[in-house]
Each structure stands twice: as structure tokens, then as C-alpha cells.
1. Checking Gly37 against (1) crowded, with 18+ Cβ neighbours inside 10 Å; (2) modelled with pLDDT of 90 or more, only one condition comes out false. Which one?
2. Quick check on this structure: which one of Glu107, Glu89, Glu156 is at pLDDT below 75 and either of a type in the set (Asp, Glu) or closer than 14 Å to Pro55 by Cα (or both)?
Amino acid sequence: MTTKDSVLIEIRNPWRWGRSIPGFAVLFVLALSMGCGPIGPFSSGRLSGDEGSWPEDWSRIADVTQIQLETGPKDPYSVNVWFVVVDDEAYLATSLLVGTEVPEEREWVRNVVADPRVRIRIEGILYLARLVTLTDGTMKGRVFDAFKLKEPELEESRGDAARYFKVAKRSVTTMP
């Protein structure tokens with residue numbers, strides 16, 4: 001088999017590309033360009049999916065650990081974030097296990113502080129929401145405890161560094 005033949009085989013079999021670093025990079029760029037959303041720790045733009053009506057009962061999705069969050073209605077920015085349900089309310093957090101010590105340094109947090117209107121995607125369904133910063137110390141403790149139930153390796157010290165948000169229903173039906 002000549003080199004020319006092996007190149008043709010690789011081109012005809014794109015799944016083989018993922019076995020090499022350059023091939024993985026090509027597949028990764030293709031996935032991002034399709035607008036599917038964030039992949040692992042890598043952010044993306046506008047989330048895709050069907051819009052759903054606001055969940056009346058968050059407990060049915062309480063076992064979901066990670067969801068996708070889209071901030072910045074005018075310039076969409078999406079990331080994967082941790083998610084818990086406490087007293088039938090949904091909550092997000094930042095800077096728990098890894099990352100910066102100061103959550104404001106994360107781009108999605110800066111975006112939410114500037115404009116709390118977001119879209120979240122849970123199991124492929126998009127929900128219009130707004131994030132409300134938690135300030136009550138007791139509630140923050142309860143939310144952190146819920147995260148520890150899902151992720152037992154969380155260190156107690158990381159709870160103080162985290163910023164917590166309640167996911168609230170947004171009254172506007174579309175992003176501007």
C-alpha cells in the first residue's frame with residue numbers, strides 16, 4: 001500500500017481521525033461549529049435544542065448533575081455547570097471542585113452579574129430562566145450540602161469560595 005492509498009483510507013474513514021491528536025482537533029472543531037453547546041470544560045456559543053415549558057416539578061430531574069448554561073443574550077456564551085435541586089428549586093454553583101478561587105473571574109459569572117437572563121439546557125430541553133444570587137448563608141449551606149451528596153469528594157473549604165445561584169423562571173418568552 002502506498003502513502004497515497006493510506007491517506008485515501010483515512011479520508012474515507014473519518015472515525016479513524018479521532019485516534020490522533022490532529023484528528024481529534026478536527027472532530028472537536030466540527031462539533032463546536034455545529035452549535036451543539038459546550039463540550040467538557042470548553043465553552044461554546046448559543047445552545048441548540050427545543051424550548052420547553054417551565055418545569056413544575058424539578059424533582060424529576062434532581063439526579064442530573066451537570067447542565068448547560070447560556071449567558072449573554074446578545075453574545076451567547078455557554079458552559080457546563082453543576083446543578084442541584086433543594087426544596088423543589090434548582091440551583092447552580094461555581095468554583096467548587098476546580099477553578100479559580102474567586103468565582104467572579106469566570107466569564108459566565110461576569111455575564112450573569114451583568115445580565116441575569118439565561119437559557120439552561122437539561123436533557124436536551126431549553127428553558128428560559130434568570131439567575132438570582134444567593135445571599136442567605138443558611139440556604140447557601142443547604143445547597144452546598146446537596147452538591148456534596150452528588151459529589152462526595154468536595155472539600156468543605158470549597159463551599160465558602162463558591163458562588164450560588166437560584167434558577168428562577170423568566171417572564172420574557174424570547175431572548176433579545
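The values are calculated or read from the model by the stated rules, or taken from the named source; none is laboratory data. What you are looking at is a predicted structure, and each value in this text was computed from that prediction instead of being measured. Glycine also receives a Cβ, built like all others from the backbone with ideal geometry; neighbour counts cover every protein chain displayed.
1. (2)
2. One residue alone meets the criteria, Glu156.
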